[in-house]
Structures are given as structure tokens and as C-alpha cells.
Amino acid sequence: MIQIRLPRLRSRINALAGFGALPGGGVTRPAWSPSHEQARAWLLAELRQTGLEAWVDAAGNVFGALGARACASDTPVILTGSHIDTVPEGGILDGALGVLAGLECLQTIREAGAPRRHPLAVAAWTDEEGRYGSLFGSRAFCGNLDVARIPEMAAVDGERLVEAMSRAGFDALRAGEAQAPPGSVAAYVELHIEQGPRLEEAGIAIGVVEAIVGVRRSRVVFTGQADHAGTTPMERRRDAFLAAADFALQARDLVIARGGGRSVTNFGVVHVHPGASNIVPGRAELVHEMRDPEPDVLDRLAAECAALAQRVARERRIEVEVRPMSATKPARCSPRVQAAIEEACGTLGLKWQRLSSAAGHDAQNLTLITEAGMIFIPSQGGRSHRVDEMSDWEAIEHGANALLHSLLALAN
Ligand code: GLV
Ligand code: MN
Ligand code: MN
């Protein structure tokens, strides 16, 4: 039975972790940043040295292929992949694992001369973490990108996507050209860390993902009145930050009380203007995120939170505007891909369980154009989106071998 080579995979994971590495561990490698562009160049060189055909599309997605020169309708590929961008102060495996394990699988298959009916390819999708727009590269590839919105897409610090891509040598307005020809992908399977505690606590090597959550983000902007923080009587203040804080606390309670049981919410970005201790905040901006596996639940919660924001603003005599930023659709994974993963686990003697993903993934876009699924491996302590995110090397080896045998099953 063919197997991946863990020392080679480990050395690539450690090499990629060097791009954007933080002194205390972990990595900050946002899409289109200099460290991301260096990582892209490194990845392209690795793909080529391995003997794979490598290219970059108009959305900045990187591909390496075995038996294909492009994604084309007449030679449908079995595709794997994930992303090499990270959240700020993130870990070394979120995304990197799926890309480098994919490369390792293709290299192993090439060396073994394993028979296959389909070409195979690995992708590194651009801006999965949504610095400028959630799942940007896979959206473009799957024809799920609102091209008209590209000029207004911007990071929370205000930097526009158009400028960030131009700095990296790409024309954002052409990102739609990355759309894959119909029928060019026969199946997609992505390996990822679980990012939560369920597999580790159950002592199970492999998670077979059944469904992926939808994520909604909106910018909620409260506008009150900037005033002197010493001389303005308390009852006359129209403090935008306190309104935002009141809204955040009430929105949390609303999502728990009125959500679908698995609904979660977060306020991960807060900007207060003008931002001086001796000025009552005149404006406060929040990025409000909500997640749920059911689109209807997200629709309802979004409407109720918008009404809540209006109520809080009215009570505090200030204005509020809720601007939708992004919405990814919840997705169901393909039964055929799930069966291929379970069969691979059987071959390898690995225990598996089905689970749903509360994190967003590029695979949810791929479900729009092909049979797509995901393999999860346990995360140490369930930790992710933090610098100490890690999985045991043995778990990584199991996951990469499960990916290898799933790809082979799907390719034959
Ligand atoms: C992707 O990491 C997400 O935000 O779920
Ligand atoms: Mn992530
Ligand atoms: Mn990820």
C-alpha cells in the first residue's frame, strides 16, 4: 500500500511556516502581503521541482497538476487543496496543511506511478481567510464572485483589494477570468485541521465532513456626537462606543436565544473614532459575524440583529447603519466523496466519524461546481486561529494518507 513520506511533508510545513513567522511562534501571512507573495513564490518553486505542471490564475490561485496543463472540460481533474494565507497571529497548519499534503500526495502518486483515470491537481486558494473578501479565490474559480463589487472590496483597515492585488502584480478587475470551465473538476477533497476539540476528545483519527457552516459578516456603524470627555454632562452624551457595546451584548443574547442551537456570533473588529481618551466617541464601527449551518436561520438572525441595532441607536439618540460585507452559503458535502474518504480510512485502518464544520472552507464553493468533501484531523486542544495551533505529526500523517487514498479512489 502506498503511503506519503512524513519527513518530506514535515519539512515543507516547517519551511512554509517561516513566511510571516512571529517571534513567539505562529504566523501572520495575510493574502497579498509581502510574506504571502514570498510564500506563493516558494510554493510555485516546490511544485515545479516536484515535476508538477504549475500555474497561477487571474484570482491568484496557485495550481500544481499531474497529467494536466490547465483546468479544462476535456480532461476533468480530481482536485485537492486549501490556502496559504493566514489570519493575523494564526497558526502554521490552518490552510498550509491541505496545500502541502496535497502536494505530497501528488508527489507520492507520481513516484509510485500509481494508475489513475483522471489527472490530479492541488490548489492554493487566495484569501480564504477573507482579509478582503471571504473565500475569494475559490469563489472566483467556482463562478461565485460578485465581480461588480470588486472595486469596493477592502480590508478592515481600509486598504482596497484593487491596490493590494496590484502591488502583488495582479489586476483585481480580471479576477472573474479565473472561473473554471464547466465540467473541468471531477471531484474535490480538502484536508484540514478540525480547529475544534471533537476528534481529539473522541480519540478518532479522521473526521468525514458532512456539512459546512455559512458565515455572515456586516459592518455596524454607530454615529453619535464627539464631545469633550470632561465637560460634557453624562446625560447629554451621545456616545457611539457605548451604543456599540450595548448592541454587541444584546446581539450575543439574541443569537443564543433565537438561533438554531448551533448559531454562534462574534465581534472581532472594533474601531472607535476619533480614538482619544479625552473625547466622547463620535463613531464606533463593529464587524459583526454570525454562523449557522442553516441559511434560513442566518437570514432571520440578520434581520433581527438589524432591528436590534436600530432599537439600541434610537434609545441612545444616535444613528446606526448596518452594511452587509459578506455571506457564504452553508454547504453539504458530496456523499460520493464522503464514501471515498471512509473507504480510504478502511484501507488504512483509521477510525473515522462524520461531523459538520463550524469553520468556513473553500470546499463550500467547490460544492457549487463538483462533488466536494473534506477530511479533518484532530487539533491539539481544539486550538486554532491562534499562534499555538498544532496537530500531532502522527495525526498529520494519518490525514495525509487518508487524502492520498481518497484521491486515488476518486481518480479511478
Ligand atoms: C475560516 O477560517 C473561518 O473563519 O471559518
Ligand atoms: Mn482559518
Ligand atoms: Mn482554513
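What the table shows:
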| item | result |
| --- | --- |
| Residue check, residue 200 open to solvent by 30 Å² or more (accessible area, probe 1.4 Å), in the same structural domain as residue 378 (by TED's automatic domain parsing) and outside any loop (DSSP other than H, G, I, E, B) | yes |
| Subset of segment 334-371 [within 16 Å of ligand 1 (Cβ to nearest atom) and either open to solvent by 50 Å² or more (accessible area, probe 1.4 Å) or within 30 Å of residue 150 (Cβ to Cβ) (or both)] | 357, 358, 359, 360, 361, 362, 363, 364, 365, 366, 367 |
| The listed residue being of a type in the set (Gly, Ala, Ser), in a strand (DSSP E or B), more than 21 Å from residue 174 (Cβ to Cβ) and in the same structural domain as residue 188 (by TED's automatic domain parsing), out of 54, 65 | 65 |
| Residue pairs meeting the criteria (Cβ under 8 Å; at least 6 apart or on separate chains; first in the same structural domain as residue 147 (by TED's automatic domain parsing), in segment 123-137; second β-branched (Val, Ile, Thr) and more than 11 Å from ligand 3 (Cβ to nearest atom)) | 123/62; 123/80; 124/62; 134/215; 134/328; 135/328; 136/126; 137/126 |
| Members of segment 68-92 that are within 15 Å of ligand 3 (Cβ to nearest atom) and either β-branched (Val, Ile, Thr) or assigned to a strand (DSSP E or B) (or both) | 80, 81, 82, 83, 84, 86, 87, 90, 92 |
| Residue check, residue 101 more than 13 Å from ligand 2 (Cβ to nearest atom) and buried (at least 24 other Cβ atoms within 10 Å of the Cβ) | yes |
| Residues within segment 338-384 that are of a type in the set (Val, Ile, Thr) and closer than 18 Å to residue 400 by Cα, tallied | 4 |
| Scope segment 204-227; condition open to solvent by less than 50 Å² (accessible area, probe 1.4 Å) and over 21 Å from residue 284 (Cβ atoms); matching residues | 204, 205, 206, 207, 208, 209, 211, 212, 213, 214, 215 |
| Any hit, segment 120-137, residues being within 13 Å of ligand 1 (Cβ to nearest atom), part of a helix (DSSP H, G or I) and among the aromatic types (Phe, Trp, Tyr) | yes |
| Test: residue in segment 93-116 that is in contact with a strand residue (DSSP E or B) (Cβ under 7 Å, 6 or more places away or on another chain), β-branched (Val, Ile, Thr) and within 13 Å of ligand 3 (Cβ to nearest atom) | yes |
| Any hit, segment 112-131, residues being open to solvent by 20 Å² or more (accessible area, probe 1.4 Å) and of a type in the set (S, T, N, Q) | no |
| Filter result for residue 406 (touching a residue at least 24 places away in the same chain (Cβ under 8 Å), hydroxyl-bearing (Ser, Thr, Tyr) and open to solvent by 10 Å² or more (accessible area, probe 1.4 Å)) | no |
| Matching entry among 397, 389 (being touching a residue at least 40 places away in the same chain (Cβ under 8 Å), acidic (Asp, Glu) and either in a strand (DSSP E or B) or away from ligand 1 (no atom under 16 Å from the Cβ) (or both)) | 397 |
| Matching residues in segment 314-333 - criterion: being part of a loop (DSSP other than H, G, I, E, B) and either without any contact (Cβ under 8 Å) to a residue 12 or more places away in the chain or under 19 Å from the mean Cα position of the chain (by Cα) (or both) | 328, 329, 330, 333 |
| Selection within segment 228-253 - under 21 Å from residue 321 (Cα atoms), surrounded by fewer than 21 Cβ atoms within 10 Å (Cβ to Cβ) and of a type in the set (Asp, Glu) | 246, 253 |
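Let's see how each residue does on (1) over 21 Å from residue 136 (Cα atoms); (2) outside the structural domain of residue 385 (by TED's automatic domain parsing); (3) in contact with a helix residue (DSSP H, G or I) (Cβ under 7 Å, 6 or more places away or on another chain):
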{"site": "22", "(1), (2), (3)": "yes, no, no"}
{"site": "34", "(1), (2), (3)": "no, no, no"}
{"site": "38", "(1), (2), (3)": "no, no, no"}
{"site": "46", "(1), (2), (3)": "yes, no, yes"}
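The values are calculated or read from the model by the stated rules, or taken from the named source; none is laboratory data. None of the values given here were measured: they were computed from a predicted structure. No Cβ is skipped: glycine too gets one built from the backbone with ideal geometry, and neighbour counts run over all protein chains shown. What goes into the accessible areas is simple: the full protein's heavy atoms, side chains included, and nothing from ligands, DNA or RNA. Shrake-Rupley method; radii C 1.70, N 1.55, O 1.52, S 1.80 Å.
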